[in-house]
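J.: The structure that follows is given in the form of structure tokens.
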Amino acid sequence: MEFTDEAVVLAARAHGDTGAVVDLLTREHGRRMAYVAGGASRRMKPFLQPGARVEVELRARTADQLGSARLEPVGEGPSALFDDALALLGLSSAAAVAQAALPEREAHPGAFLAFEALTSALALRDLWPAVYVRFESGLLEELGFGLDLASCAVTGTVDDLAWVSPRTGRAVSAEAGAPYADRLLRLPPFLLGAQAGLGEGDVRDGLALTAHFLQRCVFDPLNRPLPEARDRMVERLRAAGLA
């Protein structure tokens, strides 16, 4: 098996004296792990940070074997964010969630595009946390657990949607959900359309919403908690008044 593809580095660990095993999210071939000769070198380490964009040429004897890869960096990568510790946390969280949630060797082009959109927004401090929520929502959809926000699950109306059922992931209108507000999850308007804008608490509510369904649908079956990198990001966003 052999292919060339665009990819994002999700994680890397040293292997032997000079090599590294790199976890990649590729555009067309899904999440792949590969051995990179010289990956532990000082020259390569900056290109193997979570969120780095690379061009990968991967070879393996069989589809199930750990292959070997040659990587070429694309753009500045995480180094462009070295002056913004919060944005770097967002990038690390997205990489950790994608690595833990996505199965290996399954094509998920939507996940790659969602990661790409988040990376492009990280320079916009007031905007990227909402894009991060959209990234996790897109990841849920890509894995088959997408939220159904088209209409109210109770009345069928498409207006004034304000809640999400924690059991079904379906939207509920403000009026229909009012008697059960303490049991429902808040639906931030920006998830219904970009024209809604961002209000106070919307990012916080969005992060709580995606966290609930990621934990329930993805990580509980794997007997894992959400990644620590995500917890650190949420804590820092709250401290900065952005969530």
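The values are calculated or read from the model by the stated rules, or taken from the named source; none is laboratory data. Given the structure is predicted, the values throughout are model-derived calculations rather than measurements. Please note: Cβ atoms are built from the backbone with ideal geometry, for glycine as well, and neighbour counts cover all protein chains shown.
The rows are residues; the columns are (1) touching a residue at least 40 places away in the same chain (Cβ under 8 Å); (2) under 14 Å from Arg105 (Cβ atoms).
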residue: Ala14; (1), (2): no, no
residue: Leu25; (1), (2): yes, yes
residue: Val36; (1), (2): no, no
residue: Gly39; (1), (2): no, no
residue: Arg42; (1), (2): no, no
residue: Phe47; (1), (2): no, no
residue: Gly51; (1), (2): yes, no
residue: Glu55; (1), (2): yes, no
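J.: Looking at Leu198, Leu185, Leu147, Leu140, can you tell me which residue is hydrophobic (A, V, I, L, M, F, W, C), out of contact with any Gly (no Cβ under 6 Å at 6 or more places or on another chain) and modelled with pLDDT of 95 or more?
T.: Just a single option satisfies the conditions, and that option is Leu185.
J.: Let me ask something else about it. State all residues of the stretch 123-169 that are among the charged types (D, E, K, R) and out of contact with any Lys or Arg (no Cβ under 6 Å at 6 or more places or on another chain); if no residue qualifies, say none.
T.: Arg125, Asp126, Arg134, Glu136, Glu141, Glu142, Asp159, Asp160, Arg167 - these are the residues of the stretch 123-169 that are among the charged types (D, E, K, R) and out of contact with any Lys or Arg (no Cβ under 6 Å at 6 or more places or on another chain).
J.: Before we move on, is Gly51 assigned to a loop (DSSP other than H, G, I, E, B), modelled with pLDDT of 80 or more and closer than 24 Å to Phe135 by Cα?
T.: For Gly51, the condition - assigned to a loop (DSSP other than H, G, I, E, B), modelled with pLDDT of 80 or more and closer than 24 Å to Phe135 by Cα - is met.
J.: Next up: Out of Ala162, Ala153, report the one residue that is buried (at least 18 other Cβ atoms within 10 Å of the Cβ), in contact with a strand residue (DSSP E or B) (Cβ under 8 Å, 6 or more places away or on another chain) and part of a loop (DSSP other than H, G, I, E, B).
T.: Of the residues listed, the single one that is buried (at least 18 other Cβ atoms within 10 Å of the Cβ), in contact with a strand residue (DSSP E or B) (Cβ under 8 Å, 6 or more places away or on another chain) and part of a loop (DSSP other than H, G, I, E, B) is Ala153.
J.: Run Gly90 past the list (1) assigned to a loop (DSSP other than H, G, I, E, B); (2) assigned by TED's automatic domain parsing to the domain that holds Asp220 and report the number of the one that doesn't hold.
T.: Result: Gly90 passes all but (1).
J.: Assuming Gly156 fulfils every condition listed in (1) at pLDDT below 95; (2) out of contact with any Asp or Glu (no Cβ under 9 Å at 6 or more places or on another chain); (3) not β-branched (Val, Ile, Thr) apart from one, which condition is it?
T.: Failing condition for Gly156: (1).
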